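A short write-up of the structure that comes next.
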Amino acid sequence: MPSDFSHPVATLYGDHHDWLYKWLCRRMGDRFDAQDVAHDTFMRVLARRGGIILAEPRSYLTTIAHGLMVDRFRRRAIEQAYLDALAVYPEPETISQETHAILVETLLEIDRLLCRLGARTRDIFLLAQIEGLSQVDIARRLRLSLPTVKKHLVRAYTECLVLATDRS
């Protein structure tokens, strides 16, 4: 359904929103989630700097929508893992919705940081931080040289510092 809106995003929205919504419904299985992601997709397009001249608008929209859909599924998986981890402990004091949201957002930030590290750096960092292994033990377990382990830990700690600096 072509539209007569003057703004390029309005035209893009009028021409492709219904199609994108249906595409998302088929993939997400939930019309409310599909509506949210469709909305967020067009908000991303609207926030984009520069002109909007697209040879393949549906391809462009599905690329953005797919990324948002993956982010939504990832967020839910992380939140569910957090809730599952809490369930094994005795019931703590009730936390507020705000505290819950802050904790989930922090977990998402940690996940984003870990994804940026690269597989080897992430593995070394987690062995040091989660399992408490020494650099020597990590080198033995992964069959790496000690300087390699140190190099990857420095990279991981530097990323943590960059993230902490960006947040302040």
Exercise. Using label points projected 7 Å from each Cα along Cα→Cβ, tell me how many nm separate Arg48 and Leu107, to one decimal.
Key: 3.3 nm
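Quick check: residue separation of Ser59 and His100 times 0.36 nm, minus the Cα distance between them. What number comes out in nm? It would help to have the intermediate numbers written out before the result.
Working: separation 41, 0.36 × 41 = 14.76 nm, distance 3.61 nm.
Difference between extended and current length: 11.1 nm.
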Quiz prompt | Sorted largest first, extent of the stretch 23-87 alpha carbons per principal axis (Å) | solution = 50, 25, 15
Quiz prompt | Accessible surface of the chain [probe 1.4 Å, protein heavy atoms]: carbon and sulfur percent | solution = 56 percent
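Are there trypsin sites (Lys or Arg not before Pro) in the stretch 103-144 that DSSP marks as loop and that have at most 12 other Cβ atoms within 10 Å, and which are they?
Working: sites: Arg112, Arg116, Arg120, Arg122, Arg140, Arg141, Arg143; in loops: Arg143.
Within the stretch 103-144, the qualifying trypsin sites (Lys or Arg not before Pro) (loop, at most 12 other Cβ atoms within 10 Å) are Arg143.
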Self-check item: Kyte-Doolittle mean at least 0.0, axial Cα span of 20 Å or more - DSSP H helices of the chain
Solution: 97-117, 146-167
Quiz item: At q = 0.09, 0.13 Å⁻¹, what is the log10 ratio I(q)/I(0) for the chain, with the Debye formula run over Cα points and no solvent?
Solution: -0.51, -0.88
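To the nearest 0.05, how large is the calculated FRET efficiency for Thr158 and Ala87 if R₀ is 35 Å and r is the Cβ-Cβ distance?
Numbers: r = 35 Å, r/R0 = 1.00.
Efficiency, from the Cβ-Cβ distance: 0.50.
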Practice problem: Might you tell me the accessible area per residue for the chain, computed with a 1.4 Å probe and given in Å²? | Solution: 69 Å²
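The values are calculated or read from the model by the stated rules, or taken from the named source; none is laboratory data. Keep in mind the model is a prediction, meaning the values are calculated, not measured. Ideal geometry is used to build each Cβ from the backbone, glycine not excepted, and the neighbour counts take in all protein chains shown. Side chains are part of the model used for accessible areas, which takes the heavy atoms of the whole protein and leaves out ligands, DNA and RNA. Shrake-Rupley method; radii C 1.70, N 1.55, O 1.52, S 1.80 Å.
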